[in-house]
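Read through the structure below, which is laid out as structure tokens, and then see the notes.
The values are calculated or read from the model by the stated rules, or taken from the named source; none is laboratory data. The structure displayed is predicted, hence computed values, not measured ones. Neighbour counts are summed over all protein chains in view; Cβ atoms, including those assigned to glycine, are modelled from backbone coordinates with ideal geometry. Ligands, DNA and RNA are stripped out before the accessible areas are found, and what is left, the full protein with its side chains, is counted by its heavy atoms. Shrake-Rupley method; radii C 1.70, N 1.55, O 1.52, S 1.80 Å.
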Amino acid sequence: MGQRIHFVVDPQGWCCMGLIIFVWLYNTIFIPKVILFPHYEEGNISVVAVLCYYFCSLFCIASLFRASVADPGKLPENPKIPITEREYWELCNKCNMMRPKRSHHCSRCGHCVRRMDHHCPWINNCVGEDNHWLFLQLCFYTQILSSYTLILDFCHYYYFLPLKKENWDVFVFRHELALLRISAFMGLIILGGISRLFYTQLMGIFTDTTSIEKMSNCCEDISRPRKPWQQTFSEVFGTHWKILWFIPFRQRQPLRVPYHFANHV
């Protein structure tokens, strides 16, 4: 069964996501045109460097779009609760619906989300049980692409040989310095912000706690079972195959876990 589409009507989220897409388009268009292709034609870099940049760019935008439209774990209006699992459900005091423990009601989306981590305006969607793995991939590939862009900006001026066949009639070469300064500025801002976010996300998976649970201090029960990090990461990504953790072009299959682990809150 394919993954359900989840579209949030939120102008603020549209603006935030539009800004991210603008930065991605800017670097995907100008970095190859100003740095990669000219230096490749003159033999300063190999075709591998060009392909790696487009590879990172493709995975970055794919994880962004999938995370933004994927259902984060929205609960149905009338969920069927097995008798043996009723003790692991609770009543939401905002929408008056039954929900599994560790779920949270998103005031911006207007419904409860299973194992909700937070609502992210940059993807205009909640980050929950079913799309958390895509959000992690987005953070990872954004870091890789931003770092790669900054390295290319630096090497273009301080390491590569000067270009011999510059066409100064072309707009991008006449304004090369300004374009690359803008690229470096955006790269530094995004890399700094996304690195901190990615670190907090990883720590949350290692400790098996969501951002909401950390803020509400509801996971301080020292007697709860502790799972190995391989288990928590496999549950988030929906597979034990670690190579698949890095691929956004697939469907996530939820792993069955014992309830004394999954519902310790």
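Carbon-plus-sulfur accessible fraction, the chain (probe radius 1.4 Å, protein heavy atoms only): 65%.
Annotation: amide H of His6 within the under-5 Å range of Ala70, Asp71, sequence separation 5 or more or interchain, hydrogens built in the peptide plane. Using a Förster distance of 22 angstrom, determine the FRET efficiency expected from the C-beta separation of His175 and Phe154, and round it to 0.05. Calculated transfer efficiency: 0.70. If you build a Gaussian network model of the chain, linking Cα atoms that sit under 10 Å apart, which residue out of Met97, Met186, Met215 swings the most? Top of the fluctuation ranking is Met215.
Amide H to amide H distances under 5 Å link Val127 with Asp117, His118, His119, Cys120, where only residues 5 or more positions off or on other chains count and H is placed in the peptide plane. Taking Cα centre as origin and charging only the Cβ of basic (Lys, Arg, +1) and acidic (Asp, Glu, -1) residues, the dipole magnitude of the stretch 1-159 rounds to 600 debye. Debye-formula intensities of the stretch 1-144, expressed as log10 I(q)/I(0) at q = 0.11, 0.14, 0.17 Å⁻¹, are -0.53, -0.73, -0.94 (one equal scatterer per alpha-carbon, no solvent).
Under 5 Å from the amide H of His111 lie the amide H atoms of Cys106, each residue being 5 or more positions distant or on a separate chain, with H modelled from the backbone and absent for Pro and chain starts.
Calculated mean residue ellipticity, 222 nm, the chain: -16000 deg cm²/dmol, from DSSP H runs (n ≥ 4) at -39500 (n - 2.57) each, averaged per residue and rounded to 500.
Hey, got a sec? Which trypsin sites (Lys or Arg not before Pro) in the stretch 128-214 land in a DSSP loop and have at most 16 other Cβ atoms within 10 Å?
When the trypsin sites (Lys or Arg not before Pro) of the stretch 128-214 are filtered for loop state and at most 16 Cβ neighbours within 10 Å, Lys164, Lys165 remain.
Summed over the residues of the chain and divided among them, the accessible surface reaches 57 Å² per residue at a probe radius of 1.4 Å. Please return the longest stretch of the chain lacking exposed loop sites, where GluC sites (Glu not before Pro) count only if DSSP places them in a loop and at most 16 other Cβ atoms lie within 10 Å. Here the longest run is 78-165. For the stretch 41-131, the list of trypsin sites (Lys or Arg not before Pro) that fall in a loop by DSSP and count at most 10 other C-beta atoms within 10 angstrom reads Lys80. Relative to the dominant Cα principal axis of the chain, helix 176-207 is inclined by about 20°.
Largest GNM mean-square fluctuation among His118, His240, His175, using the chain with Cα springs under 10 Å: His175. A simple rule links phi to the HN-Hα coupling: the Karplus curve 6.51 cos²θ - 1.76 cosθ + 1.60 with θ = phi - 60°, which for the stretch 120-136 gives 9, x, 6, 10, 6, 6, 6, 9, x, 4, 8, 10, 4, 5, 5, 5, 5 Hz, with x for Gly and Pro.
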